[in-house]
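Below is one structure, written out as C-alpha cells, with a few remarks after it.
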C-alpha cells in the first residue's frame, strides 16, 4: 500500500512543547486529543494517546525539567499517525527499571513506561547520562510500510513557521524522498519550501533530473532554496540529485557514505542536474538533513544508536547537533525489520 508522507499535510511540522510545569502536560494532552480527533481517531485511540502524553510529560517535568515533547502527525488516505517524541538532556535512566510494570513516574494515571509501550503501536528509547529520547506512536489503521522513518522538522526559535519541508513516498519495495530548505527562514522561506513539496507530490514518479528542473522553474517566483531528491528500491541502488547544502548520508554500523549535491539554489541558478547512484543494500539508514543541523554529527558517542527506531535517531541528532540559528529538519529512513 502506497504511503505518501508530506510535511505539507495538515499539522505538518513537529510541534514543540517545553515541559517545565505540570500544567503543561495538560496543554499537550488537549492538543493531542484535538489533533487525533481531527484525524478521525476513535475514543479508544485518543485515550491511548492521552496516557502516553501523561506519562512522558510528567516524566519530563519531574526528572528532566526543560525537556521537550514533540508532537508530529501524518494524514493521508493510506495512513494516519500521531507520534510523541520525548527529548531531554539528562540525567538518563535505568531502562530495565523504568520498563518494569508498576514503576511509574510519580502522580500519573499510568503505570510507567511499560504502560506507554503497551499503549503504542511502536515504541523505542535510547538513554545515556547525556539524556533520553523516547518515541511512542499510534496508527489509525494497521497499514504499514516496509520502512520505518523519523522526522524532526522545527523552525528557528524566532519564527512560528518552518522554512524547511519534506516529502516521503514509501511502498513495499521502494522509497522516494525530498528535503527542501527555503532560503533563509520565516514565511518567505516556508512559501518556497511548500511550493517545492506541492509540485513534487504531483510529479514524484518522473525521472529525478526532470523533477529537479521542474522545481527550479517553480521556485523562480520565490526566494528559492536547497533541494535534495533520492529514490531507492529493492534493486539495491540509491539514485539521487540535488542542489545546495542539504546533507544526505548512507549510514551503516561501521561506515558511512555522503551523497554529493551540486552547487546552486533552486529557483535562482542551477547547473544541468546530474543524477548519480550509489549501492545500498538496505543495511543501516538513509539520513537527510538541512543546514540547521551541524554536519559533524556521528554515532561514536552513542553506542548502539544506529539500531534504534529512526524517530529516536532523529531526536538525538536534532538535540545534540542543532545549530539553533536556522530552521532544522532531519529525516531518518530505515528498513522495517
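Every number in this text was worked out from the coordinates using simple rules, so none of it is lab data. Treat the numbers as computed from the prediction; the structure is a model and nothing was measured. Glycine also receives a Cβ, built like all others from the backbone with ideal geometry; neighbour counts cover every protein chain displayed.
Couple of notes before you dig in:
- Rg to Rh quotient for the stretch 147-335, alpha carbon positions, Kirkwood Rh: 0.94
- Overall Cα dimensions of the chain, principal axis frame, Å, largest first: 60, 40, 38
- Debye-formula intensities of the stretch 169-222, expressed as log10 I(q)/I(0) at q = 0.20, 0.21, 0.25, 0.26 Å⁻¹, are -0.71, -0.76, -0.98, -1.03 (one equal scatterer per alpha-carbon, no solvent).
- On Cα atoms only, tilt of 310-321 relative to the major axis of the chain in degrees: 80
- Tensor-based shape of the stretch 125-239 (alpha-carbon gyration tensor, a/c under 1.5 rounded, otherwise prolate or oblate): oblate
- Gain in span if fully extended, residue 294 to residue 255, counting 0.36 nm per residue against the direct Cα distance: 12.2 nm
- Cβ crowding within 10 Å ranks 159, 45, 55 as 159, 45, 55, fewest other Cβ atoms first.
- Computed from the alpha carbon positions, the gyration tensor of the stretch 205-282 leads to an equivalent ellipsoid with semi-axes of 25, 14, 9 Å, biggest first.
- The angle separating the long axis of helix 187-203 from the principal Cα axis of greatest extent in the chain is about 70 degrees.
- Averaging 1/r over each pair of different alpha-carbon atoms in the stretch 267-321 and inverting the result gives 13.8 Å, the Kirkwood hydrodynamic radius.
- Residue 24-residue 141 FRET efficiency (beta carbon distance; Förster radius 25 Å; 0.05 resolution): 0.25
- Sorted by Cβ neighbour density within 10 Å, fewest at the top, the residues 19, 99, 93: 99, 93, 19
- In degrees, nearest ten, helix 22-38 long axis to first principal axis of the chain (Cα): 60
- Least to most buried among 87, 51 (fewest other Cβ within 10 Å first): 51, 87
- Shape of the stretch 230-337, Cα gyration tensor, a/c cut at 1.5: oblate
- Normalising by residue count, the stretch 12-71 has a Cα convex hull of 59 Å³ per residue.
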